[in-house]
């Protein structure tokens, strides 16, 4: 049995994204939300206050961030701190995201990420040996949830040939008001614009391939909002230009994002996200399965 209908497959190939409402049950969404909150409750920052920013990540990057490819780590919103470096609000309302190996290291996220239905989608969309490379729990906090600038996922998880496939789950309703994603339908037909790579000595840089700027994310430029009800799965092609605005509303926009790559494709050593050779990226089968 096919994972997608012919009409859904046609929309995917035309647009480079596909929304599947009701893919995850409300109970499954609530369970991930509760688990993420428990992880944050148990997180003691100490001297670690790593900030995640897509507008200036080269400056915000640190060893804590670069070592997160096979770990569970916590990253703050840029607007979480005051001028003296103190949190402006409680810790639970200050975290931008948790990443980047929830799918391997936390039982709840492992089970959710390795559902047979996701494996079927990955294979139907062309991955013969899908490997789960990266996962992120994204809080999009009320009032301070930072923007995610226009990008292609292959910039950050490059393979040769390009193969990354994104699974993005709305764990709460995502609206224009609280920072829903926007995408450029058909934009996946264009080439990769840049790569985010390691530059040695704990540094990263953006390797520009095509300096042409993305058009402003407005309807007149072809962008469309990807508003999504709780439980919706949005599939994202690795070359699709997409973004999300800042959340200045009083409602959070929790989401879970999982990125899968083709295991038979080359994964360069200069990709920013690396794993210890002892813990390589695995497929959808449970550990030991």
*Within segment 193-212, is even one residue in contact with a helix residue (DSSP H, G or I) (Cβ under 8 Å, 6 or more places away or on another chain) and farther than 25 Å from residue 270 by Cβ?*
no
Per the filter on segment 63-109, residues farther than 25 Å from residue 143 by Cβ and in a loop (DSSP other than H, G, I, E, B) are 67, 68, 69, 70, 71, 101, 106
Flagged in segment 152-181 as in a strand (DSSP E or B) and over 14 Å from the mean Cα position of the chain (by Cα), in numbering order, are 160, 174
Flagged in segment 207-237 as part of a strand (DSSP E or B), in contact (Cβ under 8 Å) with a residue 24 or more places away in the chain and within 26 Å of residue 127 (Cβ to Cβ), in numbering order, are 224, 226, 228, 233, 234, 235, 236, 237
Of the residues in segment 257-289 that are outside any loop (DSSP other than H, G, I, E, B) and touching a helix residue (DSSP H, G or I) at 6+ places or on another chain (Cβ under 6 Å), the one that is farthest from residue 176 (Cα to Cα) is 260
From the option list 195, 253, single residue qualifying as in contact with a strand residue (DSSP E or B) (Cβ under 8 Å, 6 or more places away or on another chain) and either surrounded by fewer than 19 Cβ atoms within 10 Å (Cβ to Cβ) or assigned to a loop (DSSP other than H, G, I, E, B) (or both) is 253
Subset of segment 1-53, residues in contact with a helix residue (DSSP H, G or I) (Cβ under 6 Å, 6 or more places away or on another chain), at pLDDT below 95 and either part of a strand (DSSP E or B) or more than 20 Å from residue 232 (Cα to Cα) (or both), comes to 48, 50, 51, 53
Practice item. Inspect all residues belonging to segment 227-241 and state whether any of them is surrounded by fewer than 22 Cβ atoms within 10 Å (Cβ to Cβ) and farther than 25 Å from residue 137 by Cβ. Key: no
All conditions in (1) out of contact with any helix residue (DSSP H, G or I) (no Cβ under 9 Å at 6 or more places or on another chain); (2) crowded, with 19+ Cβ neighbours inside 10 Å are true of residue 151 except (2)
From the option list 202, 187, 222, 166, single residue qualifying as at pLDDT 95 or above and at positive phi is 222
Residue 130 - would you say it is over 23 Å from residue 91 (Cα atoms) and surrounded by fewer than 20 Cβ atoms within 10 Å (Cβ to Cβ)? no
Looking across segment 54-69 at residues that are modelled with pLDDT of 60 or more and more than 15 Å from the chain's Cα centre (by Cα), the single one that is surrounded by the fewest Cβ atoms within 10 Å (Cβ to Cβ) is 63
What about residue 118, is it under 17 Å from the mean Cα position of the chain (by Cα) and closer than 22 Å to residue 260 by Cβ?
-> yes
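The values are calculated or read from the model by the stated rules, or taken from the named source; none is laboratory data. Since this is a predicted model, take the numbers as computed values, not measurements. Methodologically, a virtual Cβ is constructed for each residue, glycine included, from the backbone with ideal geometry; neighbour enumeration extends over all protein chains shown.
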